[in-house]
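S.K.: The following block contains the structure, expressed as C-alpha cells.
What follows draws every value from the coordinates through simple rules; no lab data is involved. Please read all numbers here as calculations on a predicted model, not as lab measurements. As a convention, Cβ positions derive from the backbone with ideal geometry for all residues, glycine included, and neighbour counts pool all protein chains shown.
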Amino acid sequence: MTAATFVPERYNPQTNEPHWREVWERDGVFTTADDDPRPKYYVLEMFPYPSGRIHMGHVRNYTMGDVVARYKRARGFNVLHPMGWDAFGMPAENAAMQNKVHPKDWTYQNIDHMRGQLKIMGLSLDWTREFATCDVDYYAQQQALFLDFLEAGLVTRKTSRVNWDPVDNTVLANEQVIDGRGWRSGALVEQRELTQWFFKITDFSDDLLDAIDGLDQWPDKVRTMQANWIGKSRGLSFEFRVKGAPEGFERLPVFTTRADTMMGPTFAALAVDHPLTTELAKNSPALREFIAECQRIGTSEEAIQTAEKLGFDTGLKVGHPADDSFELPLWIANFVLMDYGTGAVIGCPAHDQRDLDFARKYDLPVIDVFKPLGSDDAVEDTAFVPAKTERVRYVCWHGETDTEITCQEAMDRTLALYEENGWGKGVTQYRLRDWGISRQRYWGCPIPVIHCDSCGVVPVPKADLPVQLPDDVSFDKPGNPLDHHPDWKQVPCPKCGEAARRETDTMDTFVDSSWYFARFTAPRAETPTVPAIANDWLPVDQYIGGVEHAILHLLYSRFFSRAMQATGHLAMKEPFKGLFTQGMVTHETYKGADGRWLFPEEVLIEGDSARHVETGEAVAIGGIESMSKSKKNVVDPTTIIETYGADTARWFMLSDTPPERDIEWTDAGAEGAHRHIQRVWRLVSEVAAVTPADALDSKPDSFGAEALALRKTSHRMVHAVADDIEKLAFNRAVARIYDATNALGKALSAFDGQTADMAYAVREAARFLAEAMQPMTPHLSEACWSLLGGKGLMATKAWSAVEDALLEDDTLTLPIQINGKKRADLTISREASKEAVEAAALSDETVIKFLDGNVPKRVIVVPNRIVNIVV
RNA sequence: GCGGGCGUGGUGGAACCGGUAGACACACGGGACUUAAAAUCCCGAGGCCCUAGGCCGUGCGGGUUCGAGUCCCGCCGCCCGCACCA
C-alpha cells in the first residue's frame with residue numbers, strides 16, 4: 001500500500017477515550033506511592049467548589065495541571081497530582097433555603113456529578129487521595145489544628161463589624177449587600193459589632209513580606225500585590241490634643257505616611273466607628289443620624305472608598321502637634337478607615353486627593369506645602385502628590401522658605417525634628433489586619449471551643465474531637481441554624497462540668513483551603529499531617545489557579561504553613577514553590593429583543609448579525625465577557641466533550657492563547673482543534689500503513705536531504721515542546737506541534753514507500769508527534785502509540801531523547817540593516833567571525849547599492865543576530 | 001477610590017537578553033478532487049502607492065538608542081482584587 005491509496009478511518013473519541021481511561025484505571029497508572037525512589041514532583045490545581053457542574057474555567061485549569069503532571073511523569077518524576085473539593089460555603093445553605101435540600105446532600109450530590117465530569121477529561125489524577133473539606137475526617141483535623149494554634153498563641157478574640165440585616169436578623173456577606181440593602185429582605189443594612197475569632201496573621205507581617213523575595217517562581221504581579229496588601233510603611237505617629245474633649249479623649253493618637261505635609265493640614269478627621277465618634281454620638285442625635293447613614297454603605301472597603309465623601313463637623317478643635325495654637329477643626333469622615341492606622345487622620349488637602357475632595361466639598365482651606373519645581377500654581381481640583389523621590393520646592397518649611405529637596409528628604413527631616421522636640425516619633429505601620437475567621441453560618445467547620453460562665457472560653461479537649469455538625473437542622477428561619485438548634489450547643493464545661501455552650505460560629509472557608517495541599521500528602525492520617533511524608537512532598541512544585549486568588553487564598557496559605565511549622569505539623573514556611581495564575585474563559589454575550597440574556601445554543605450567527613434559533617427574532621451580539629451563569633454566555637464542557645471528545649476540549653484550551661491571558665471560547669476554534677486531532681490520527685494511520693512496523697529498529701547510515709529536514713523538524717519540535725511545557729508556554733508548544741504536523745503531512749504526500757531513510761524519518765516523526773502531544777491529548781496519543789506498535793502505555797513512557805546534532809544548522813541567515821531598516825539577507829556560517837560577517841555584509845550587492853558610494857560610519861555586528869550599517 | 005495587570009493584521013496570537021514585526025492557528029478568498037456535498041489537499045493574504053521597488057504600521061503622545069512591540073515619561077481603553085463569594 002502507498003500513501004496515495006490508503007484511506008484511514010476517522011478517529012472516534014467516543015469509543016477510544018473511555019477505552020484508554022479504563023486501561024489507565026485498571027493499571028493504576030496514576031496512583032502515587034510515597035516510597036517511590038524517583039525524585040518527587042507535586043503539581044496541584046486549585047480545587048473546585050462543588051457548585052454542581054464543572055465549567056470551562058475548570059477545564060482550562062485542570063488541563064494545564066494535567067499537562068505538567070503527565071510531562072513530569074515522562075521526565076522520570078514520581079508525580080503527586082491529587083484532587084479534592086472545597087466543599088463548605090454559602091451556596092449550599094442558599095440551596096437549602098430555596099430548595100429544601102440539606103446542604104450535605106446537595107454538596108455530596110454535586111461532588112458525585114462533578115467527579116464524573118472530571119473523570120471524562122482524562123486527567124492523570126490520583127483519585128485514591130480525594131477528599132472534601134466537609135468530610136468529618138477533614139474538618140476534625142482542622143479543628144485539631146485550630147486547638148494547636150490556640151495553644152501556640154496564634155488565635156485571638158476581638159470585636160469586629162459585620163453587615164447586619166435587621167429584618168432577617170442575620171449577618172450578611174459583602175456580596176449579599178446590594179446598594180446598601182440586604183439581598184433577600186431589601187432592608188437597609190446596619191453594622192453590628194460582634195466578638196469574633198481571629199488568626200494572628202499580623203504576627204508574621206514582616207516574615208510574610210520578606211519571604212516574598214524568595215518566591216522567585218511566582219509571577220511578579222502576585223508578589224507585588226501581596227507586598228502591597230501587607231502594606232508596610234514608615235511614617236509619623238503623633239497625638240491630637242482635643243480641645244474640650246470628653247473625659248479620656250483629650251489626646252488622640254494619629255498616624256500619617258506623609259510627614260512632609262505636616263506644614264499644611266487644614267482639618268482633622270475621625271473614622272465613623274472611632275471610639276470618640278461613638279462617645280460624641282451619645283449626646284448628638286445629628287451625629288447618630290450621620291453615623292447611621294454612613295453605616296448603610298456596608299463594611300467593604302471598596303464601598304466605603306468609592307462612596308461620596310461625607311463629613312460631620314464635631315465643632316471641636318485639635319491643636320497641631322508642633323504648634324498647639326494652630327487649630328484644626330475636627331470632623332467625622334466616612335472615608336477614614338478605623339482598620340488602618342489609628343482611625344484618625346490629619347487632612348492636608350493640597351497633597352491628598354481624598355482630603356482635597358473633602359475640603360472642596362465642605363469649604364475648608366487648602367494650603368500648598370510644596371510646589372513642582374518651576375511652577376507657582378496653587379492646587380485647584382487635583383492634589384499635587386509627587387513620588388517620594390521627586391524634588392519639589394517647599395514653600396514654607398519650619399522657618400525656611402523655598403527649600404528644594406525631595407519629599408523623602410523632607411519626610412526624614414520632619415521625623416527627626418518631631419522626635420527631637422517630642423512632638424511625635426517615627427513608627428512602622430502595616431495595612432495587613434488579623435484574619436477574622438468567625439462566620440455565623442451552619443455549613444462550615446465548627447470552631448471547637450466551649451463558653452462557660454465560670455471558666456470563660458474553654459477549648460474542646462482533643463479527645464472529644466470532632467465537634468460534628470448536627471444533621472437535624474432547619475433553614476426555615478434566617479440566622480445561624482447551629483444557634484437555633486434545640487440542644488446542639490448545650491454541653492457541660494470540660495473544665496468544671498457545669499452547663500456551658502458550644503461556640504456556634506463556624507470557620508471561614510478560606511481556612512479549609514489553607515492547608516488542603518498538605519492533607520493530600522497523607523489524606524487518611526489521624527493527625528492533620530504525617531510530618532515526615534508532608535515534608536517529603538512539600539512545597540507544592542507547581543500550583544495553578546485563577547488570579548482572583550492572588551492575595552487572600554495565597555496569603556492565608558502562607559500564614560498556615562508558618563503556623564503549622566510553629567505547631568510541628570510541617571517543616572516549611574512556604575507552601576507553593578511555583579505558582580501560575582491562569583486567565584479566565586470568555587464568550588460572546590447575546591441579548592434577545594426583550595433584553596434578556598440568551599444561551600449561545602439559542603443563537604444562530606449569520607455573518608455579523610444573529611437571530612434566535614427557534615423564534616427567528618433578532619439577537620444583539622454583546623461584548624466578550626467572562627463566562628457567567630447570570631449572562632448565560634456559558635458553554636457546557638460535557639456537551640463539548642460528548643461532541644468532540646475530551647482531547648479536543650483540552651487541545652483547544654491550550655492552543656493559541658497564552659495560559660495567563662483570558663481565552664475566548666468559539667465554536668470555530670473548537671472545530672479547528674478537532675480537525676487537528678483528526679489530522680494527526682489520519683497521518684499516523686497512514687504512517688502505520690505505508691511504512692514497515694520495524695522501520696525504526698535499525699537506523700540508516702545516512703539520510704537524504706528530505707529525510708534529514710523532516711528529522712530536524714521532529715527533533716527540534718520535541719526539544720522545543722519540552723522547553724515550552726517547562727515554562728508553561730502551552731500555546732507555543734501547540735504552534736510547534738502544528739509545524740511538525742505540517743512537515744509530516746508534506747513528507748508523507750511525497751513519500752513513495754521505497755526509501756529506508758524516509759521510512760525511518762516518517763515513523764520517527766509520527767512517534768514524536770504522538771509523544772509530544774501525550775500530555776495534552778492523552779487518549780489520542782495512546783491510540784497513536786498503540787497503532788505504531790509502541791510497547792506498554794504512552795502514559796508511562798519516558799520522554800524521548802533528541803539528537804543534539806539535529807538541533808542546530810551550520811549556516812544561518814542574518815538580516816542586514818542600513819540605518820536600522822532591513823535591506824538584505826546574508827547567509828553565512830554560524831562560526832563566522834565578526835570581521836568575516838562585516839566583510840561579507842559590506843560586499844553584498846544590495847548593500848553596495850544602498851550605500852551608493854557612501855562610506856559606513858559604523859558597522860554593528862551582533863553575532864548570530866543582525867548586522868546594522870550606519871551611514 | 002486604592003492596589004495590580006493587559007492592549008500587535010478581519011480574529012487568537014508569535015517575536016527568549018533591545019536586533020528580520022505578524023511564526024502557528026481561526027475566519028476569509030481562489031483552485032484541485034467529487035454527479036453533488038462533506039471531508040481532504042494546494043495556493044493567497046497587514047495597510048497604502050502604478051510596478052521594479054518603496055512608504056506606513058505593535059492603543060495614543062513624547063523620549064532614550066546604531067536599532068524600540070520590547071526600556072523611560074505622560075495619557076486613553078479594558079480587565080482583576082479590595083479582607084463575610086469561592
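S.K.: Report the gain in length on full extension from A:Glu175 to A:Cys396: 0.36 nm times residue separation, minus Cα-Cα distance, nm rounded to one decimal.
M.R.: On the way: separation 221, 0.36 × 221 = 79.56 nm, distance 4.76 nm.
Fully extending the segment from A:Glu175 to A:Cys396 adds 74.8 nm.
S.K.: Given 10 Å bins starting at zero, what is the percent of C-alpha pairs of region A:143-277 in each, up to the one with the largest pair distance?
M.R.: Spelled out per bin, shortest first, that is 9, 19, 28, 33, 10, 1.
S.K.: Roughly what % of Cα-Cα distances in region A:719-766 sit above 17 Å, to the whole percent?
M.R.: More than 17 Å apart: 42 percent of the Cα pairs in region A:719-766.
S.K.: While we're on this one: Would you mind checking the tilt of helix A:285-295 against the longest principal axis of the Cα atoms of chain A, expressed as 0 to 90 degrees and rounded to 10?
M.R.: 10
S.K.: FRET efficiency for A:Glu380 and A:Glu308, Cβ-Cβ distance as r, R0 = 22 Å, nearest 0.05?
M.R.: 0.65
S.K.: If you don't mind, another one. Dividing the Cα convex hull volume of chain A by residue count, how many Å³ per residue is that?
M.R.: Per residue, the Cα convex hull of chain A comes to 254 Å³.
S.K.: Please find the FRET efficiency linking A:Thr638 to A:Thr666, where r is the Cβ-Cβ separation and R0 is fixed at 30 Å, and quote it to the nearest 0.05.
M.R.: After rounding, the FRET efficiency stands at 0.95.
S.K.: When the Karplus curve 6.51 cos²θ - 1.76 cosθ + 1.60 is applied with θ = phi - 60°, which whole-Hz ³J(HN,Hα) does each residue of region A:791-800 get, with x for Gly and Pro?
M.R.: 8, x, 9, 4, 4, 10, 6, 6, 4, 5
S.K.: Take A:Thr401, A:Thr506 and order them by how many other Cβ atoms sit within 10 Å, fewest up front.
M.R.: Exposure proxy ranking, most exposed first: A:Thr401, A:Thr506.
S.K.: Return the long-range amide H neighbours of A:Phe240 (sequence gap of 5 or more, or a different chain), with a cut-off of under 5 Å between placed amide H atoms.
M.R.: Counting only residues 5 or more places away or on other chains, the set is A:Leu252, A:Val254.
S.K.: Under a straight-distance cross-link criterion of Cα-Cα below 21 Å, which lysines are reachable from A:Lys631, leaving out those fewer than 8 residues away in the same chain?
M.R.: Straight-distance partners of A:Lys631: A:Lys591.
S.K.: Using Stokes-Einstein with the Kirkwood hydrodynamic radius over Cα pairs, what translational diffusion coefficient do you get for region A:488-557 at 25 °C and a viscosity of 0.890 mPa s, in µm²/s rounded to a whole number?
M.R.: 162
S.K.: Okay, moving on. How much length, in nm to one decimal, is gained on full extension between A:Lys361 and A:Glu250, taken as 0.36 nm per residue of separation minus their Cα-Cα distance?
M.R.: Residue separation times 0.36 nm, minus the Cα-Cα distance, leaves 37.2 nm.
S.K.: In whole Hz, what ³J(HN,Hα) sequence does region A:442-456 give by Karplus (6.51, -1.76, 1.60; θ = phi - 60°), x for Gly and Pro?
M.R.: In residue order, the calculated couplings are 7, 7, x, 7, x, 7, x, 9, 10, 9, 10, 4, 9, 9, x Hz.
S.K.: Find how much the distance from A:Asp137 to A:Asn228 grows on full extension, using 0.36 nm per residue of separation minus their present alpha carbon separation; answer in nm with one decimal.
M.R.: On the way: separation 91, 0.36 × 91 = 32.76 nm, distance 3.67 nm.
Contour length minus Cα-Cα distance gives 29.1 nm.
S.K.: Shifting gears a bit: Hey, what do the phi angles of region A:611-619 turn into as Karplus ³J(HN,Hα) couplings, whole Hz, using 6.51/-1.76/1.60 and θ = phi - 60°, x for Gly and Pro?
M.R.: 9, 6, 4, 8, 7, x, 5, 5, 10
S.K.: Based on C-alpha coordinates, I'd like the Rg and Dmax of region A:126-209, in Å.
M.R.: Just the Cα atoms of region A:126-209 yield Rg and Dmax of 18.0, 49 Å.
S.K.: Which lysines have a Cα lying under 26 Å from the Cα of A:Lys746, excluding residues fewer than 8 positions away in the same chain?
M.R.: Hits, sequence-local ones excluded: A:Lys699, A:Lys712.
S.K.: Using alpha carbon centroids, what distance separates region A:203-225 and region A:408-471, in Å?
M.R.: 21
S.K.: Right, another one. Past 32 Å, Cα to Cα, is the threshold; run A:Lys72/A:Lys821; A:Lys119/A:Lys462; A:Lys104/A:Lys629; A:Lys577/A:Lys834; A:Lys317/A:Lys371 against it and keep the listed order.
M.R.: Values: A:Lys72/A:Lys821 44 Å; A:Lys119/A:Lys462 37 Å; A:Lys104/A:Lys629 23 Å; A:Lys577/A:Lys834 43 Å; A:Lys317/A:Lys371 28 Å.
From the list (A:Lys72/A:Lys821; A:Lys119/A:Lys462; A:Lys104/A:Lys629; A:Lys577/A:Lys834; A:Lys317/A:Lys371), the Cα-Cα distance tops 32 Å for A:Lys72/A:Lys821; A:Lys119/A:Lys462; A:Lys577/A:Lys834.
S.K.: Straight distance only, please: which lysines reach the Cα of A:Lys309 with their own Cα at less than 18 Å, same-chain residues fewer than 8 apart left out?
M.R.: A:Lys361
S.K.: Can you list the residues, at least 5 places off or on another chain, whose amide H is less than 5 Å from the amide H of A:Val449, using H built in the peptide plane?
M.R.: Here the answer is A:Val460, A:Glu503, since their amide H atoms fall under 5 Å of that of A:Val449.
S.K.: Over all distinct alpha-carbon pairs, what is the Kirkwood Rh of region A:1-156 in angstrom?
M.R.: Final number for the Kirkwood radius of region A:1-156 is 18.6 Å.
S.K.: If you don't mind, another one. Ranking A:Asp647, A:Asp723 by Cβ neighbours within 10 Å, fewest first, what do you get?
M.R.: Starting with the residue having the fewest Cβ neighbours, the order is A:Asp723, A:Asp647.
S.K.: Next up: Take the alpha-carbon centre of region A:712-764, take the same for region A:499-574, and report the distance between them in whole Å.
M.R.: If you average the Cα positions of each part, the centres end up 43 Å apart.
S.K.: For region A:301-357, just the Cα atoms, rotate onto the principal axes and tell me the three extents in Å, largest first.
M.R.: Cα extents, longest axis first: 37, 22, 20 Å.
S.K.: Under a crude label model (7 Å from the Cα following the beta-carbon direction), how far is A:Ile848 from A:Arg865 in nanometres?
M.R.: 3.0
S.K.: For A:Thr406, enumerate residues with amide H under 5 Å from its amide H, sequence gap 5+ or separate chain, H modeled in the peptide plane.
M.R.: Here the answer is A:Val392, since their amide H atoms fall under 5 Å of that of A:Thr406.
S.K.: Any idea how far apart A:Ala805 and A:Ala532 come out in nm if each label point goes 7 Å out from Cα toward Cβ?
M.R.: 5.0
S.K.: Could you please rank A:Arg75, A:Arg711, placing first whichever residue has the fewest other Cβ atoms within 10 Å of its Cβ? Numbers along the way, then the final one.
M.R.: Details: A:Arg75 16, A:Arg711 24.
Least to most surrounded, the residues fall as A:Arg75, A:Arg711.
S.K.: Further, regarding this structure: Return, ordered by residue number, the residues of region A:31-54 whose backbone nitrogen is under 14 Å from a label point located 7 Å along Cα→Cβ of A:Glu25.
M.R.: Under cut-off, by backbone N: A:31.
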